[in-house]
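Mind looking over this structure? Questions follow.
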Amino acid sequence: MSVKISGVKGMNDVLPGQVGRWQELEAVAREIFALYGYREVRTPVVEPHALFARGVGEGTDIVSKEMYVFEDKGEEKLALRPEGTAGTVRAFIEHGAFVEGPQKWFYMGPMFRRERPQKGRYRQFHQIGCEAFGVAEPAIDAEQIAMLADYLGRLGVQATLKLNSVGDAACRPAYLADLKAWLVERAGQLCADCRERTQKNPLRALDCKVPSCQPVLEQAPRLGDRLCGGCRDHFAAVKAGLDALGVAYAVEPRLVRGLDYYVRTAYEFTSDALGAQSAVAGGGRYDGLVETLGGPPTPGIGFALGEERLTLILEALQRPVPVRRPAVFLISADEAGAKEVLRVAAALRKAGVACDLDGRGGKFARQIKQAERVGARYALVLGGAEVASGQAKLKDMETRAETPVALAELAAVLSRSA
Ligand code: HAM
């Protein structure tokens, strides 16, 4: 008995008809990141559970509720990575990369969070992320944010940059204590989630989206008013840097991020095309993380983009999916032609000309239909007569016009018309 097995909920296939969009996003990222000196790193999708518990934070939703955790045959507690920063930092430390001075790394790949799936929110999703290590100065914050703006601009994506400073170990603890007391006093006006967060992670309460909480949270004390001198100067310099680079931003006093490692700069790019899950990218500074994970004190700043969300925006913009079409589709007219198409196809491919053929052979009508389906620019019929004369006709699939061509010249002619 046959059994149909469907894919896992919240984990998607990207079919060949759509994959051109993904390849475009990734190719543009590689191109832009290289201009800024970022180099690719590839780390495993599975890491020790402790890496995320310590790195991202035990109290975060990501670690406490959303991680896929398993025992490796009773040996070690492992997790599918919910994000890319912790693993990148682990690799940075493990390979002693800090001895080489400041480093800029990027990665792309699948991440896993067991969230409730909805538009723009999946259980397996893909991030393109950047991490810059070793520079505490605000110049790198501005440069990195400007790079991300550059990237989105290159794709024609309009997104709003929201910027905030979440303080550091010098100024945040006192603020958190005050915020907590303030939230406790107003617990009756807040939702259950806010009340839970007040106890576990009061900063996250500011991020609540429940409409009835908004008027209350609008009044909450602002970290921006309580920053220490160092954080205030840093934030001012980041803003000045962005101004100098012509990158527009909105300071969002209630912007906090869902991961514990952030200090000072925190930012997100959001798009109206996305609905509820509006963040297309998010990031910030994490100056203590390398040390927390056992490395020498090393400042860092990074971001990650959601590839699914980027594709949703491009779809909303009705941008066509880039496709690479074969230049020519080879059609066999008879037995001699069936042999010849394979030989000609091999020669064309060797010359760098994309071509295709219908491996089933058979009726002309069926082969030409397949040529249309794959979007070939030309069709070329080969049979005994063409093999004997070394001449064939190149048929333009759009205009249907036919041009005679010598088979010996075919690769050169098609390369010229590409
Ligand atoms: P994050 O804000 O959790 O940050 O995720 C970054 C981006 O990944 C989001 O803006 C969103 O586009 C995408 N994303 C997150 N969760 C999902 C999901 N369930 N489905 C689809 N897309 C999703 C981080 O992960 C940090 N590691 C970013 C960072 C790097 N900070 C410093 N360096």
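The values are calculated or read from the model by the stated rules, or taken from the named source; none is laboratory data. These numbers come from a predicted model, not from an experiment. Here the Cβ positions follow ideal geometry from the backbone for every residue, glycine too, while neighbour counts run over all protein chains shown. Surface areas here come from the heavy atoms of the whole protein model, side chains and all, with no ligands, DNA or RNA. Shrake-Rupley method; radii C 1.70, N 1.55, O 1.52, S 1.80 Å.
On a 0 to 90 degree scale, rounded to 10, what angle separates helix 85-94 from the longest Cα axis of the chain?
The helix 85-94 is inclined about 90 degrees to the chain.
Three principal axis extents, largest first, for the C-alpha atoms of segment 51-123, in Å?
The principal-axis extents, from largest down, are 41, 35, 22 Å.
Go ahead and estimate [θ] at 222 nm for the chain from helices alone: -39,500 (n - 2.57) per DSSP H run with n ≥ 4, summed, over the residue count, rounded to 500.
Details: 16 runs with 159 residues, N = 418.
Value at 222 nm, helices only, nearest 500: -11000 deg cm²/dmol.
Binning at 10 Å from 0, report for segment 122-254 what percent of all alpha-carbon pair distances ends up in each bin.
Result returned by the calculation: 11, 32, 31, 23, 2.
Now, a different point. List the lysines whose Cα lies under 29 Å from the Cα of Lys369, skipping any in the same chain that are fewer than 8 positions away.
Lys339, Lys350, Lys393, Lys395
Apply 1/(1 + (r/R0)^6) to the Cβ-Cβ distance of Glu398 and Gln214, taking R0 = 45 Å, and write down the FRET efficiency to the nearest 0.05.
Calculated value: 0.25.
Tally Lys and Arg at +1 and Asp and Glu at -1 over the other residues with C-beta under 11 Å from the C-beta of Ala34: what net charge comes out? Intermediate values should be presented prior to the final figure.
Details: positive: Arg30, Arg39, Lys104; negative: Glu31, Glu40.
With Lys, Arg at +1 and Asp, Glu at -1, the neighbours total +1.
To continue, here is another question. Suppose R0 equals 41 Å. What FRET efficiency, 1/(1 + (r/R0)^6) with r the Cβ-Cβ distance, do Ala169 and Arg325 give to the nearest 0.05?
0.15
Hey, got the Cα dimensions of segment 172-226 along the principal axes, in Å, largest first?
Projected onto its principal axes, the Cα set of segment 172-226 covers 26, 19, 17 Å.
For segment 253-297, what is the Kirkwood estimate of the hydrodynamic radius, computed as the reciprocal of the mean inverse distance between distinct Cα atoms, to one decimal in Å? Working shown, then result.
Details: mean 1/r = 0.0831 Å⁻¹.
Hydrodynamic radius (Kirkwood, Cα only) of segment 253-297 equals 12.0 Å.
Continuing with the same structure: Among 318-325, 114-121, 138-145, what's the highest-first ranking by average C-beta atoms within 10 angstrom per residue? All intermediate terms of the calculation are to be shown ahead of the outcome.
Values: 318-325: 11.1, 114-121: 14.8, 138-145: 21.5.
Final packing ranking: 138-145, 114-121, 318-325.
Assuming R0 = 35 Å, can you tell me the calculated FRET efficiency for the pair Glu76 and Asp193, based on Cβ-Cβ distance, to the nearest 0.05?
On the way: r = 33 Å, r/R0 = 0.93.
The pair Glu76/Asp193 has a calculated efficiency of 0.60.
Further question: Hey, what D do you get for segment 201-262 in µm²/s if you plug the Kirkwood alpha-carbon radius into Stokes-Einstein at 4 °C and 1.567 mPa s?
Working: Rh = 13.5 Å.
Taking Rh from Cα pairs, D becomes 96 µm²/s.
For segment 319-418, what value does the Rg/Rh ratio take when both radii are computed over Cα atoms and Rh is the Kirkwood radius, given to two decimals? Working shown, then result.
Details: Rg = 12.7 Å, Rh = 13.4 Å.
Answer for segment 319-418: 0.95.
Stick to Cα atoms and the Kirkwood definition of Rh, then tell me Rg/Rh for segment 25-175. Walk me through the numbers on the way to the answer.
Numbers: Rg = 16.9 Å, Rh = 17.4 Å.
For segment 25-175, the value is 0.97.
Before anything else, pin down the relative contact order of the chain: Cα pairs under 8 Å, at least 6 apart, normalised by residue count, whole percent.
Details: 713 pairs, mean separation 63.5, N = 418.
Computed value for the chain: 15 percent relative contact order.
To continue, here is another question. Simple spin-label model, 7 Å along Cα-to-Cβ: Phe364 to Val19 in nm?
It is 3.4 nm.
Highest mean first, how do 238-246, 146-154 rank when packing is the count of other Cβ atoms within 10 Å averaged over residues?
Values: 238-246: 15.7, 146-154: 19.3.
Top to bottom by mean Cβ count within 10 Å: 146-154, 238-246.
If you stretched the chain out fully between Ala338 and Glu66, how much longer would it get, using 0.36 nm times the residue separation minus the C-alpha to C-alpha distance? It would help to have the intermediate numbers written out before the result.
Working: separation 272, 0.36 × 272 = 97.92 nm, distance 5.53 nm.
Length difference between fully extended and current span is 92.4 nm.
Please quote Rg/Rh for segment 252-358 to two decimal places, taking the Kirkwood radius as Rh and restricting both calculations to Cα atoms.
Working: Rg = 25.6 Å, Rh = 18.8 Å.
In segment 252-358, Rg relative to Rh is 1.36.
Mind ranking Arg416, Arg195, Arg186 by accessible surface for me, highest first, 1.4 Å probe?
Working: Arg416 175, Arg195 105, Arg186 60 Å².
From most exposed to least exposed: Arg416, Arg195, Arg186.
Using C-alpha positions alone, give me the convex hull volume of segment 204-318 per residue in cubic angstrom.
Values: hull volume 16.1 nm³, N = 115.
Cα convex hull per residue, to the nearest whole number: 140 Å³.
While we're here: Run the reach check for Lys162 against lysines, Cα to Cα strictly under 18 Å, same-chain hits fewer than 8 apart removed. What comes back?
Lys162 reaches Lys209, Lys239.
Please express the Cα-Cα pair-distance distribution P(r) of the chain as a list of whole percents, one per 20 Å bin, running from 0 to the bin with the greatest distance.
So the P(r) values, bin by bin, are 22, 44, 23, 11, 1.
Sticking with the crude label model, points 7 Å out along Cα→Cβ, report the distance from Gln318 to Val251 in nm, one decimal please.
It works out to 4.0 nm between the two label points.
Let me check I have the definition right: for segment 1-111, take the eigenvalues of the Cα gyration tensor, multiply each by 5, take square roots. What are those semi-axes in whole Å, largest first? Spell out each step's value before the answer.
Working: eigenvalues 152, 124, 28 Å².
For segment 1-111, the ellipsoid semi-axes come out as 28, 25, 12 Å.
Hey, another quick one. Please give the length that would be gained between Arg232 and Glu40 if that part of the chain were fully extended, namely 0.36 nm times their separation in residues minus their C-alpha to C-alpha distance (nm, one decimal). Provide the component values of the computation, followed by the final result.
Numbers: separation 192, 0.36 × 192 = 69.12 nm, distance 3.27 nm.
Computed gain between Arg232 and Glu40 is 65.9 nm.
Check the straight Cα-Cα distances from Lys9 and name the lysines below 22 Å, setting aside those fewer than 8 residues away within the same chain.
Within the straight-line cut-off, Lys9 pairs with Lys65, Lys119.
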